[in-house]
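The block underneath contains the structure these notes are about, expressed in structure tokens.
The values are calculated or read from the model by the stated rules, or taken from the named source; none is laboratory data. Computed from a prediction, not measured in an experiment: that's the story for all the values here. Heads up, the Cβs are rebuilt from the backbone with ideal geometry, glycines too, and the neighbour counts pull from every protein chain shown.
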Amino acid sequence: MDENEDCPISRMRLISMINRDSHSFIKSRLGDIDINSGQFPLMFLLFHHEGINQGMAASKLNLDKGTVARGMMRLEDSGLITREKDEHDRRNYRLRLTPAGRLAMDRLNEIRTELESSLVKGMSDEDRRELDRLLHLMHRNVSEVPDGQ
């Protein structure tokens with residue numbers, strides 16, 4: 001931690017370091033699964049919301065549509081998902097896991113569980129609940145700030 005632990009920059013840096021280290025953790029454990037750590041949340045979203053369209057996926061993950069489209073094309077090229085034209089809106093695609101994608105989810109769930117356990121190691125249940133509360137509060141606070149202010 002920086003010399004001045006009360007400095008907001010040190011919190012931002014710590015959050016950034018946790019994010020970077022989490023991506024490295026995921027990457028080191030993916031093995032022969034042909035995805036990157038950035039596509040990790042896309043796979044979980046599809047696992048829990050089969051048939052979601054790309055626009056809704058972008059919204060749920062708080063990513064721009066282009067980022068999601070590129071990620072989904074890579075997952076499709078890897079044979080882990082299918083993108084089917086939406087029958088109600090031909091400009092949209094419905095996203096589904098393939099059998100290979102469902103199989104990969106077993107390993108992805110193991111990695112997620114291992115990472116989450118690592119992140120909260122040494123914390124009591126109360127500590128974890130408080131951490132969750134504070135993280136949600138921080139996210140809500142920053143997401144409510146208008147762009148450019």
Next on the checklist: It is to be established whether one or more residues within region 12-34 are surrounded by 17 or more Cβ atoms within 10 Å (Cβ to Cβ), modelled with pLDDT of 90 or more and within 13 Å of the chain's Cα centre (by Cα).
Outcome noted: yes
Checklist entry - Which one of Gly51, Gly101, Gly71, Gly79 is touching a Leu at 6+ places or on another chain (Cβ under 8 Å), closer than 26 Å to Asp32 by Cα and not in a helix (DSSP H, G or I)? => result Gly51
Checklist entry - Within the group Asp106, Asp125, Asp86, which residue is surrounded by 10 or more Cβ atoms within 10 Å (Cβ to Cβ) and on the phi < 0 side of the Ramachandran plot? => result Asp86
Checklist entry - Does Gly51 fit the bill of being touching a residue at least 40 places away in the same chain (Cβ under 8 Å), farther than 16 Å from Ala100 by Cβ, surrounded by fewer than 17 Cβ atoms within 10 Å (Cβ to Cβ) and of a type outside the set (Lys, Arg)? => result yes
Checklist entry - Could you list, in sequence order, the residues of region 27-36 that are farther than 13 Å from Asn109 by Cα and either among the small types (Gly, Ala, Ser) or part of a helix (DSSP H, G or I) (or both)? => result Lys27, Ser28, Gly31
Item to check | Options Leu95, Leu75; residue that is surrounded by 13 or more Cβ atoms within 10 Å (Cβ to Cβ), in contact with a helix residue (DSSP H, G or I) (Cβ under 7 Å, 6 or more places away or on another chain), more than 30 Å from Met17 (Cβ to Cβ) and not hydroxyl-bearing (Ser, Thr, Tyr) | outcome: Leu95
Item to check | Yes/no for Met138 being over 29 Å from Gly31 (Cα atoms) and assigned to a helix (DSSP H, G or I) | outcome: yes
Checklist entry - If you check Gly31, Gly71, which single one turns out to be among the small types (Gly, Ala, Ser), in contact (Cβ under 8 Å) with a residue 12 or more places away in the chain and either touching an Asp or Glu at 6+ places or on another chain (Cβ under 8 Å) or within 30 Å of Met138 (Cα to Cα) (or both)? => result Gly71
